[in-house]
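**Q** This is the structure, below, for whatever I ask next.
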Amino acid sequence: MSAPLVLLPSDEVPREHLPSNKSNPLRLGPGLRLLSQPTSQAGDSNHVLTATQAGLLTTDAKRNTVSLLSFPNRRYVPTVNDLIIAQIHHSSIDFFHCIVTPNTAHALLGQLSFEGATKKTRPQLKQGELVYARVQSVGVGAGAEVELTCVNPATGKADGGLGPLVGGMVFDVSTGMAARLIRASSASPDNTDAVEGLVILGELGRKLESLGGFELAVGRNGKVWVDCSNAGESAIAVTVAIGRCLQETDQHNLHPHDQKKLVTRILRDLKLAS
Amino acid sequence: MVGPTASLSVLSRADGSASYKCPATGYNILGAVNGPVELPGRRDALKPEDATVEIFIKPGTTTGGVGERATETILKSVLGNLVLGREKGFPRRGVVLTLNIVGGENVERGDSYLTLLPALLHAGLLAMISASIPLSMTLSAALLGVTTSGDIVQNPGPAAAKSVVSLHVLAFSSKGHLLLNESRGRFDFDTWELVRARALSICQGAHDGDVAMGEGENAASVNAFIRETAEDQIYSDYAHKLDSI
């Protein structure tokens with residue numbers, strides 16, 4: 001791979017950085033747009049790719065994609081197929097109205113878009129309860145509504161733990177950190193060592209195994225849900241410890257070496273280390 | 001001369017933020033951007049396919065007045081036009097930029113805001129970049145004063161600005177197009193042309209000078225400064241990714 005390239009808005013993507021895969025068309029990720037430069041000869045135009053955000057240019061030669069990694073603190077913009085953690089604001093006859101990010105319009109979650117839900121068996125969610133949902137559609141045109149679902153429409157099953165999140169606690173992290181956590185967990189489910197520079201979950205898992213382990217759900221909208229109901233009396237302390245580890249790693253952008261130290265320090269502070 | 005300093009993502013709760021300090025004029029600006037957010041009322045009705053950009057300027061010690069409102073209008077005409085409001089998730093939503101004047105001398109009531117304008121523009125732009133708001137281009141601005149003897153001085157502070165004959169703020173896009181021209185005082189076209197050439201060389205670096213320019217000269221331009229600030233932040237945010245390459 002060539003040297004890292006940072007682009008600013010209106011910068012052109014150099015041709016030599018584009019993947020040279022000719023078998024399928026080039027796909028543009030977020031932060032890039034295609035412009036055509038009109039030339040003097042009629043009917044002939046040069047296409048250029050320009051950045052619309054500041055970010056690090058990344059390419060994937062296998063999938064023939066090019067995208068821009070922007071600042072991790074940014075606001076989440078709903079994208080189809082993203083997994084998010086939404087909070088119920090209120091419910092109406094057909095929909096639950098959910099909060100995805102603060103100060104944006106409510107997303108809609110159908111009352112029947114849960115696994116095995118019928119008119120009689122649908123979940124009765126109250127205000128403030130949480131769901132782990134997938135973005136089904138973001139609509140067409142300006143100001144369209146975002147629709148969520150807790151079930152895979154093809155199979156009727158709730159794959160990957162979709163559905164109401166019962167118990168536990170939610171922590172806010174940056175959207176970049178949430179994306180990293182998701183990539184780290186999908187890269188190798190059993191060995192999370194140093195994927196995306198994150199060793200914190202593996203380290204926490206090893207240290208907290210004796211206490212009953214924990215369950216984690218990461219939403220692309222910058223929310224992490226932590227549940228350790230198996231931990232018995234120390235459940236609250238374990239939950240707080242995990243949340244603090246994730247938030248500090250995020251805020252200080254810690255190196256893997258420092259992440260291990262952080263876990264040891266926080267577990268000792270909360271008297272969880274054996 | 002000491003160059004400006006800036007840092008990105010200084011506030012953790014805003015979607016994007018930047019602090020910008022200009023030692024020559026002494027101004028210190030803290031900018032925060034939230035977007036795309038839902039706007040109250042029907043403020044999006046005029047341009048339903050586009051994003052609405054709202055800009056607020058908060059002076060450090062007093063409440064905002066007429067001067068702040070006028071400056072907000074100028075900033076909105078420049079920064080608002082850079083925002084690509086038709087990108088996904090932005091139409092009918094708002095981008096709210098708040099610029100807080102944290103340090104520096106107060107602009108007296110009725111005084112010109114021109115001395116503050118470049119600092120506000122840079123802080124606003126960097127905050128927008130930090131919030132990953134889609135932009136069509138970046139900009140850089142310069143503040144120049146023309147003294148009684150006809151000399152052009154760069155970045156006069158509020159005190160020095162009182163003694164100049166004319167005061168100019170010019171902003172250029174990263175490609176060198178003139179985006180903003182605000183002037184005050186008495187001047188003629190020849191003076192303005194000199195000011196424009198000088199401002200362009202400050203913003204872009206000595207481009208078409210007859211002297212072969214080196215790396216060091218280019219690094220002093222405002223454009224290069226904005227690029228460096230953004231690059232530094234990206235490199236530190238993605239240190240985990242760059243280490244493995």
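The values are calculated or read from the model by the stated rules, or taken from the named source; none is laboratory data. Quick caveat, the model's predicted, so the values are computed rather than measured. We place every Cβ from the backbone using ideal geometry, glycine too, and count neighbours over all the protein chains shown.
**Q** Hey, can you tell me all the residues within the range A:212-233 that are crowded, with 17+ Cβ neighbours inside 10 Å and either among the acidic types (Asp, Glu) or over 26 Å from residue A:163 (Cα atoms) (or both)? If you could, list the steps in order and put the result at the bottom.
**A** Within the range A:212-233, the first condition is being crowded, with 17+ Cβ neighbours inside 10 Å, and the residues that meet it are A:214, A:216-228, A:231.
Residue satisfying the conditions is A:227 alone.
**Q** Can you confirm whether the range B:28-48 contains a residue that is out of contact with any Leu (no Cβ under 7 Å at 6 or more places or on another chain), away from chain A (no Cβ under 14 Å) and touching a residue at least 60 places away in the same chain (Cβ under 8 Å)?
**A** yes
**Q** For the subset of the range A:216-261 comprising residues that are touching a Phe, Trp or Tyr at 6+ places or on another chain (Cβ under 8 Å) and of a type in the set (D, E, K, R), which member is farthest from residue A:133 (Cα to Cα)?
**A** Here the residue is A:227.
**Q** Next question, about the same structure. Have a look at A:91, A:23 and point out the one that is away from chain B (no Cβ under 14 Å), over 28 Å from residue B:174 (Cβ atoms) and either at pLDDT 90 or above or under 18 Å from the mean Cα position of the chain (by Cα) (or both). Outline the logic, then answer.
**A** Details: A:23 fails: either at pLDDT 90 or above or under 18 Å from the mean Cα position of the chain (by Cα) (or both).
Going through A:91, A:23 in turn, just one is away from chain B (no Cβ under 14 Å), over 28 Å from residue B:174 (Cβ atoms) and either at pLDDT 90 or above or under 18 Å from the mean Cα position of the chain (by Cα) (or both): A:91.
**Q** Quick check on this structure: which one of A:197, A:219 is touching a helix residue (DSSP H, G or I) at 6+ places or on another chain (Cβ under 6 Å) and not hydrophobic (A, V, I, L, M, F, W, C)? I'd like the intermediate steps shown before the answer.
**A** Numbers: A:219 fails: touching a helix residue (DSSP H, G or I) at 6+ places or on another chain (Cβ under 6 Å).
On inspection, the qualifying residue turns out to be A:197.
**Q** Given (1) in contact with a Pro (Cβ under 8 Å, 6 or more places away or on another chain); (2) surrounded by 19 or more Cβ atoms within 10 Å (Cβ to Cβ), identify the lone condition not met by residue A:64.
**A** Unmet condition: (2).
This table checks each residue for (1) more than 14 Å from chain B (Cβ to nearest Cβ); (2) closer than 20 Å to residue B:238 by Cα.
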| residue | (1), (2) |
| --- | --- |
| A:144 | no, no |
| A:150 | yes, no |
| A:156 | yes, no |
| A:161 | yes, no |
| A:165 | yes, no |
| A:176 | no, yes |
| A:181 | no, yes |
| A:185 | yes, yes |
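**Q** Of A:204, A:208, A:216, which residue is on the phi < 0 side of the Ramachandran plot and under 18 Å from the mean Cα position of the chain (by Cα)? Walk me through how you get there before you give the answer.
**A** Working: A:204 fails: under 18 Å from the mean Cα position of the chain (by Cα); A:208 fails: under 18 Å from the mean Cα position of the chain (by Cα).
Being on the phi < 0 side of the Ramachandran plot and under 18 Å from the mean Cα position of the chain (by Cα) holds for just one of A:204, A:208, A:216, which is A:216.
**Q** Residue check, residue B:98 against (1) over 19 Å from residue B:36 (Cα atoms); (2) among the polar types (S, T, N, Q); (3) within 14 Å of another protein chain (Cβ to nearest Cβ), all met but one. Which one?
**A** (1)
Per-residue answers, yes or no, for (1) closer than 27 Å to residue B:40 by Cβ; (2) without any contact (Cβ under 8 Å) to a residue 60 or more places away in the chain; (3) in contact with a Lys or Arg (Cβ under 8 Å, 6 or more places away or on another chain):
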{"site": "A:65", "(1), (2), (3)": "no, yes, yes"}
{"site": "A:76", "(1), (2), (3)": "yes, no, yes"}
{"site": "A:80", "(1), (2), (3)": "no, yes, no"}
{"site": "A:88", "(1), (2), (3)": "yes, yes, yes"}
{"site": "A:100", "(1), (2), (3)": "yes, no, no"}
{"site": "A:116", "(1), (2), (3)": "no, yes, no"}
{"site": "A:119", "(1), (2), (3)": "no, yes, no"}
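**Q** Before we move on, is residue A:237 in contact with a Leu (Cβ under 6 Å, 6 or more places away or on another chain), without any contact (Cβ under 8 Å) to a residue 40 or more places away in the chain and within 28 Å of residue A:73 (Cα to Cα)?
**A** Numbers: in contact with a Leu (Cβ under 6 Å, 6 or more places away or on another chain): yes; without any contact (Cβ under 8 Å) to a residue 40 or more places away in the chain: yes; within 28 Å of residue A:73 (Cα to Cα): yes.
So residue A:237 passes the test.
**Q** If the requirement is being small (Gly, Ala, Ser), under 23 Å from the mean Cα position of the chain (by Cα) and surrounded by fewer than 17 Cβ atoms within 10 Å (Cβ to Cβ), which of these qualifies: A:167, A:243? Break it down stepwise before answering.
**A** Values: A:243 fails: surrounded by fewer than 17 Cβ atoms within 10 Å (Cβ to Cβ).
The conditions single out A:167.
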